[in-house]
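Okay, structure first, notes after.
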Amino acid sequence: MAAGFVPPDHWTEKPSQLRTTGNVTLNSAGIGSIQFSPDNANQRWVISSVIVSTNQNATAQVVPFSTIAMNTTDYTQLSQGNNRGTSYSGNNDTYSSPLDVGPCDFVSVLFYPPPGSSPSQISTLVGVIATAVVLGTKYTRRA
């Protein structure tokens, strides 16, 4: 798995499959957040893809955006340095690019209404269940 981080030669790591999922019910503002993090301090992840979806009908007029973010749980406080990509179709899309997640980091999938949405459009997102599936490789350091 290609990614930006290259471990030192003295590390011994055991790779294994990463597949985890989470969901969130969008709140009264049409916003929700799902967090993912390595299992312990001796583990790092290389995420290869994140699949997002909602329980909306295929003909839904208003669908949430989704953003992959590092170390933040709130879209309104997301810095551009922690933004790892945005989907304009958070009800059925896939993010595909290697993403390093260190043992002290976490990744969030942030769902929110499209910018410029009216209050009536936002109200259609209230109660929508959004899901994210994270796929990749986890590396557990043994020595």
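None of the figures in this text is laboratory data; all of them are computed from the coordinates on show. All of these numbers come straight from a predicted model, not from anything done at the bench. Every residue, glycine among them, receives a Cβ derived from its backbone with ideal geometry; neighbour counts consider all protein chains shown.
Could you work out the relative contact order of the chain? I mean the mean sequence separation of Cα pairs under 8 Å and 6+ apart, divided by the number of residues, in percent. Display every interim value, and only then the final one.
Values: 350 pairs, mean separation 66.1, N = 143.
Computed value for the chain: 46 percent relative contact order.
Rank by packing, highest mean first: peptides 14-22, 91-99, with packing defined as the count of other Cβ atoms within 10 Å averaged across residues. Mind showing how you got there, number by number?
On the way: 14-22: 12.8, 91-99: 16.3.
The densest-packed peptide leads the list: 91-99, 14-22.
In whole Å, largest first, what are the principal axis extents of the Cα atoms in the chain?
57, 28, 22
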